[in-house]
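The values are calculated or read from the model by the stated rules, or taken from the named source; none is laboratory data. Since we're looking at a predicted model, the values are computed, not measured. Using ideal geometry, Cβ is built from the backbone for each residue, glycine included, and neighbour counts are taken over all protein chains shown. Note: accessible area is taken over every heavy atom of the protein model, side chains too, but ligands, DNA and RNA are not part of it. Shrake-Rupley method; radii C 1.70, N 1.55, O 1.52, S 1.80 Å.
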Amino acid sequence: MLEKISKSYNPEDFEDKIYKSWEKSGLFNPDNLDLAESAPSYTIILPPPNITDKLHMGHSVMIAIEDLLIRYHRQKGYRALWLPGTDHAAIATQNAVEKKILKETGKTRHDLGKEEFLKEVWKFIDETQATILKQIKKMGASLDWSRLAFTLDEPRQKAVEKMFVDMYESGVIYRGERIVNWCPRCHSTLADDEVEYKEKTSELYTFYYSKDLPIAISTTRPETKLGDTAIAVNPKDKRYSKYLGKTINLSFLGVDLSLQVIADNLVDKSFGSGALGVTPAHSMADWQMAQEHNLEFKKVIDEDGLIKNDFSKYSKLSSLEARKKIVNDLKEAGLLIKTETIENSISTCYRCSSVIEPLLSKQWFVSVDKPIKHLEGKSLKQKAAEVVENEEIKFLPARFKQTYLNWVNNLHDWCISRQIWFGHRIPAWHREDEVYVGFEKPKEAGWQKDEDTLDTWFSSGMWTFSTLGWPDNYQNGEKKGDLAKFHPTNVLETGYDIITLWVSRMVMMSLFTLNEVPFKEVYLHGMILDGEGKKMSKSKGNGIDPMDLIEKYGADAVRLSLLTGVTPGNDSRYSEEKAEAKRNFINKFWNISRFIISSSDNKINKKAQLNTLADRWIFSKFLEIVENTNERLEKKDFSLATEELINFIWNDLANWYLEISKIEKNKEEILSCMLSGILRLIHPLAPFVSEAIWQSWQNTTLMTEKYPSISEFVNVENVDLKDFELIQEIIVAIREARSAHKIEPSKKIAAYIVVNKKEDLIKNQQALIKNLKTNIKELNFIEKKQAPKEAVFTIASDIEIYLLQEIDKDQELERLDKERKDLEKYIKIVKVKLDNSDFVKKAPEKVVKIEKEKLKSSTEKLEKIIEKIKNLK
RNA sequence: GGGCGCAUAGCUCAGUUGGUUAGAGCACUUCGUUUACACCGAAGGGGUCCUAGGUUCGAAUCCUUGUGCGCCCACCA
C-alpha cells in the first residue's frame, strides 16, 4: 500500500519502472488500443531532434506539451498516435563528427576519404541517437516506439528519392547556375535562411579602378572587384548621367575589365561615392541586378575561397590575402581615395560561423513559382499561402499567420543541393553535359552519380507523410494504411523560430505530393530563456540541463514547471525554483492521495452521497474543475488548466475539505470518487505520479482510463451546478441559527465551523478559520457568555459554531476599522455608478441589478461592522 | 527600411469576448503544527496595471501617441 512506501514522493523509485510498464503494455501504439473501428484519430508527429543533440529545455517543453495532448486524447478515446523520430541533420552532424575526429586523431575528413568518413559518422550516430531517445523517455513521453523513424533510414531514403524524381518530372526541381551562399569551411551551399547575419566593423575602401575612369567606387571587398562587369548608379544621380549606357574598358591593377554603366534604383546616392561596382558572381544583390540588365558573370573566387587562375598576380591567393594586396597596390598606384570603418553585417554559416562567400554555382533548386499541373496550375508558393490564408492550417497564437505569410510570399527558389558527404544522395546521374534523374543508374557506360547531397530540410519537410508509409501507402491518388488513418496530422507543435526553416517546407511538400495539408494546426511555444532573459546556449554555459532537473525534482515537476506561467509564442525565463515549487506540489498531491487511499477500500465510487454542506461544496468545486480542465485543454490553454487544477487540489481539496473530513466522518465515498477523477484529470500533466498512485490503488493502468467529464457524475444527487456558492448557504444557515439561538453580534469572540469533537477542532482550526473568515466576515463575532458550556452549538443540521478564543480588542478594532474604510470606499464607487443615469440606462439590465444588490448587501455589511465597533468600544 | 512582441507586487509571470474592491508562484513579516504532507499550515505586508490622450455607463483589457526593452525579415556596395 501507498502509505507504507514513503512519506514523501521519490520520483526515482517510480519513473523508470512505470515507463517500462507502459512500454510493455504496448498502449503507446494506437493499434493496440481497445477502440471501435470508427474511433477518430489524433496524430502528432514529433519534430525530430537532431541525433547529435542532447535533450535541452526546448525539447522538454515540446515533449511536455505534446505528451499532454496525446495522453489527453488517448484517454478521451481517440486513436492517439505520437510518432517518434530523429533527424540526421546533415551539416550539423558532419561538423560534429569532423570536430571529433580532428580532436581524437588530428585528421580531417579529407584525410580519411569519403567512405571511411561516412563509416565514422554512422558509428557516431549509433552512440548519440541512443542518448537522445533515452532522454526523451525520461520525460515520460508516450511515443509509439514501434514506428520510430529516422530521416535517413531506408524507408525515408526511398521516399526522398521518389519525391525528388516526382518533383523533377513535374519541373519543380531544376538544375541551374545561380548565386548561392557558399560556406568555404563546410564546403557547401547554404539556404538563404541558414545564413546568419552578424554585426561587425569593416573597412570600407573608396577608390578608382584606374586613372582612366573618374568614377570612384566603394567596397568592403576589393578582391571581388576583379570580377566586376558593370558600374551601377542611381538613375537620379546627375553626377554620372553622362556615362549611362556606355561600356568602359580598362585595366584594374593589371586585370582587364569591361564595365557597363547602368542605372538601378537599388543604388544609394549617398553611400560612398554613389557608384557601385557590380560583381554578379559574388554578391546576391549584384546577381539580381545582373539578371535584370543582362550582365556578364565573371567568377573570381573558387569553392576553396581562393582567387581563380585568370587574375594575374592575385591568382591562388586567399580572398583575404588578395584583399590586402589589392589595397596595397591601389595605394601605391595612387588610386585609393579613402579608407573608413563602417558597421555592417556579415553573413555567416549558421552551423560553423564561417564567413559566407556568395558565389556562382551549378545547383539543384526547388522552384516555388513554377505552375504545377496537378495543383490547378498553382505554384508551391501560391498553394502554401492559400492553405494558411483560408485557415486550412491555423496558427496558435494567430499572429504567426502573418509571419508565415510574409515569408512565403517573399520566397525565392530553394537551393536544395549541398556539397557535404553526409546526407541523402541526389538521385541523378551525369555524363559529360547530360543529366539523368531516376532511381536507377542508366545502363549505358559513363554515367556518374551526382556527388551532392540534399538539404536536410528536404527530408524533414516530408516528415508528416514519410513517417506514415508514403510512398507505398499512396497509390493512384489513394491513401491507405497509416497514411489514410493518420494524415493529415492534427497538430504541429514546435518553436516559433522554425516557421520558415521547417513549417513552410512541410506545407509545400505535403501539398505537392498529397494535395493536402500536413497538419491542421500549428501550435508554437516560446523559447525558454535563462534567469536573465538570455538564450540558453552551450557556448555561454548558461543552459539548464533538463536531465539534472529531472534527477533532482522528478519528471512530473519539470513538466508542470514548463506548462505553467507561460503563454504560447511568448518566451519565458526559467529558473530552478519553478521545478522546486512543482516538486512540492507533486509531493503534496502524493500525500493527499495517500491519506484518501489509506482511509478507503480499493473501490472507486462513482456515486457519492453528498450529505453535508461541505460535501456539496467540494463536489460542486470538483465538477467545476472537471469541466474547466476539459475546456482549457480543448482550447490548448495549458497554463491555466494546470494552474487551476493545482489550485483546486491544494487549496480547496487539501487545505479545506480534507480538514473537514477529519471532523465530519464518512467521507470515504466522496473522497475516493474525487480522487479517481483527479488522477485521471491530472494524468496528462503529471503522468508518473498519477500512475504511481493509481497502480498502488487499482489494478489497471491509468494511462487508458477514461478522461473524466461532468456527464460521468450526473447521477450524483444533490448537485446543482448553479448552486455552488458556499457563502450563500452558510449565511442563510447561520442567520437561521442566530435567530433560533438568539445570538447577538458581540464584542470579543470569534466563531468557526467545527463538528463533533473539540480536539479535532483545536487541531484544525487554522484551516477552517481561513475559509470562514474570508467568506462570512459578519458572523465572526458572537457573545461568548451566550454560548453553551461545551462551547459548541449547532446552527444547522450540518454546521456548528464553536467559540474559539479571545480576540485582542485593539487589534480587532483596527481590523474592523480597516474593513469599514474599505467598504465605505467601495460603496461610494458603486453609488457613483448607480447615480450615473447613463450607467442605469445603457448598461445591461443584469449588470445594473447585480450592482444594486451589491450596494444593498454592502450597506448592510457596513452597518453591522459599525455596530460591532460600537460594541467593542 | 518593413514587421512582430513585451512593459501588471521585490523577482518570474497569469489575467479568455471590456463588467464585483487586479491574481498566482517565489521572496518577505508574524504565528502555528509534528500520525496525509516542513517538499506543511494560518495570518499579513506589498500594485498611480510604463506615459499621455481617446472610445465607453464602465478600460490592465479596445484605439492613437510617446518612451524603454526584446525578436524576426530585408539591405548593407
>> On a 22 Å Cα-Cα criterion, which of the cross-link pairs A:LYS107/A:LYS200; A:LYS370/A:LYS449; A:LYS7/A:LYS588 come out too long?
In response: A:LYS107/A:LYS200; A:LYS370/A:LYS449
> How much net charge surrounds A:SER837 when only the other residues with a Cβ under 15 Å from the Cβ of A:SER837 are counted, with Lys and Arg +1 and Asp and Glu -1?
Replying inline: +1
>> Through the Karplus equation 6.51 cos²θ - 1.76 cosθ + 1.60, θ set to phi - 60°, convert the phi angles of the range A:222-231 into ³J(HN,Hα) values in whole Hz; use x for Gly and Pro.
In response: x, 4, 6, 5, 5, x, 5, 10, 7, 10
> For A:CYS186, which sequence-distant residues (separation of 5 or more, or a different chain) have an amide H within less than 5 Å of its own amide H, given hydrogens modelled in the peptide plane?
Replying inline: none
>> Using Stokes-Einstein with the Kirkwood hydrodynamic radius over Cα pairs, what translational diffusion coefficient do you get for the range A:425-529 at 10 °C and a viscosity of 1.306 mPa s, in µm²/s rounded to a whole number?
In response: 100
> How much net charge surrounds A:ASP111 when only other residues with a Cβ under 13 Å from its Cβ are counted (Lys, Arg +1; Asp, Glu -1)?
Replying inline: -2
>> Tell me whether chain A comes out rounded, prolate or oblate; compute the Cα gyration tensor, take square roots of the eigenvalues as a ≥ b ≥ c, and use a/c under 1.5 as the rounded threshold.
In response: prolate
> Summing -39500 (n - 2.57) over the DSSP H runs of n ≥ 4 in chain A and dividing by its residue number, what mean residue ellipticity at 222 nm do you reach, to the nearest 500 deg cm²/dmol?
Replying inline: -13500 deg cm²/dmol
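Nearest 5 is fine: what % of DSSP beta bridges in chain A come out antiparallel, could you say?
Expressed as a percentage, antiparallel bridges in chain A total about 75.
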>> Just to check I understand the Karplus step: with θ = phi - 60° and J = 6.51 cos²θ - 1.76 cosθ + 1.60, what whole-Hz values come out for the range A:408-416, glycine and proline as x?
In response: 4, 5, 9, 5, 9, 3, 9, 6, 10
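Please compare each pair in A:LYS20/A:LYS76; A:LYS401/A:LYS582; A:LYS100/A:LYS582; A:LYS103/A:LYS535; A:LYS667/A:LYS818; A:LYS578/A:LYS621 to a cut-off of 30 Å on the Cα-Cα distance and tell me which ones are over it.
Values: A:LYS20/A:LYS76 23 Å; A:LYS401/A:LYS582 34 Å; A:LYS100/A:LYS582 39 Å; A:LYS103/A:LYS535 28 Å; A:LYS667/A:LYS818 39 Å; A:LYS578/A:LYS621 26 Å.
Pairs exceeding the cut-off: A:LYS401/A:LYS582; A:LYS100/A:LYS582; A:LYS667/A:LYS818.
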> Using modelled amide H (1.01 Å from N, peptide plane; none on Pro or chain starts), what sits under 5 Å from the amide H of A:PHE252, excluding residues fewer than 5 places away?
Replying inline: A:LEU257
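Could you look at the range A:614-696 and say what percent of its accessible area is carbon and sulfur, using a 1.4 Å probe and all protein chains? Intermediate results must be reported in sequence, preceding the final value.
Working: 930 of 2220 Å².
Within the range A:614-696, the accessible surface is 42 percent carbon and sulfur.
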> How much of the accessible area of the range A:458-525, in percent, comes from carbon and sulfur atoms when a 1.4 Å probe is used?
Replying inline: 43
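Select from the range A:27-113 those GluC sites (Glu not before Pro) which occupy a DSSP coil region and have at most 10 other Cβ atoms within 10 Å, ordered by residue number.
On the way: sites: A:GLU37, A:GLU66, A:GLU98, A:GLU104; in loops: A:GLU37.
Answer in residue order: A:GLU37.
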> So which aspartates and glutamates pass the test for A:LYS17, namely a Cα distance under 20 Å, with those fewer than 8 places away in the same chain ruled out?
Replying inline: A:GLU3, A:ASP67, A:ASP144, A:ASP548, A:GLU551, A:ASP556, A:GLU691, A:GLU705
> chain A: longest stretch without exposed chymotrypsin sites (Phe, Trp or Tyr not before Pro) (DSSP loop, at most 13 other Cβ within 10 Å), sites themselves excluded?
Replying inline: A:440-873
>> I need the trypsin sites (Lys or Arg not before Pro) found in the range A:533-621, filtered to DSSP loop residues with at most 13 other beta carbons within 10 Å of theirs.
In response: A:LYS534, A:LYS538, A:LYS540, A:LYS603, A:LYS607
>> As I understand it, the value is the acute angle between the Cα axis of helix A:845-872 and the longest principal axis of the Cα atoms of chain A; what does it come to in degrees, rounded to 10?
In response: 50
>> Under 12 Å between alpha carbons, and skipping anything fewer than 8 positions from A:LYS225 in its own chain: which aspartates and glutamates qualify?
In response: A:ASP256, A:ASP286
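If I take every Cα pair under 8 Å that is 6 or more residues apart in the range A:127-221, average their sequence separation and divide by the length, what percent do I get for the relative contact order? Provide the component values of the computation, followed by the final result.
Values: 41 pairs, mean separation 10.1, N = 95.
After rounding, I find 11 percent.
Given the pairs A:LYS134/A:LYS394; A:LYS825/A:LYS854; A:LYS394/A:LYS636; A:LYS138/A:LYS603; A:LYS298/A:LYS325, which are separated by over 23 angstrom at their Cα positions? Provide the component values of the computation, followed by the final result.
Details: A:LYS134/A:LYS394 32 Å; A:LYS825/A:LYS854 13 Å; A:LYS394/A:LYS636 13 Å; A:LYS138/A:LYS603 31 Å; A:LYS298/A:LYS325 20 Å.
Those over the limit are A:LYS134/A:LYS394; A:LYS138/A:LYS603.
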> Once amide H atoms are built 1.01 Å from N in the peptide plane, which residues 5 or more positions from A:GLN260, or in another chain, come under 5 Å H to H?
Replying inline: A:ALA230, A:ILE231, A:ILE248
> So which lysines can A:LYS238 reach, going by Cα to Cα under 20 Å and dropping same-chain residues fewer than 8 places off?
Replying inline: A:LYS246, A:LYS269
>> In Å², and per residue, what accessible area does chain A have when probed at 1.4 Å with the other protein chains present?
In response: 46
> Residue by residue through the range A:460-471, which ³J(HN,Hα) values in whole Hz follow from phi under the Karplus form 6.51 cos²θ - 1.76 cosθ + 1.60 (θ = phi - 60°), with glycine and proline marked x?
Replying inline: 6, x, 9, 4, 5, 10, 5, 7, 10, x, 6, x
>> What is the distance in Å between the Cα centroid of the range A:444-497 and that of the range A:222-262?
In response: 48
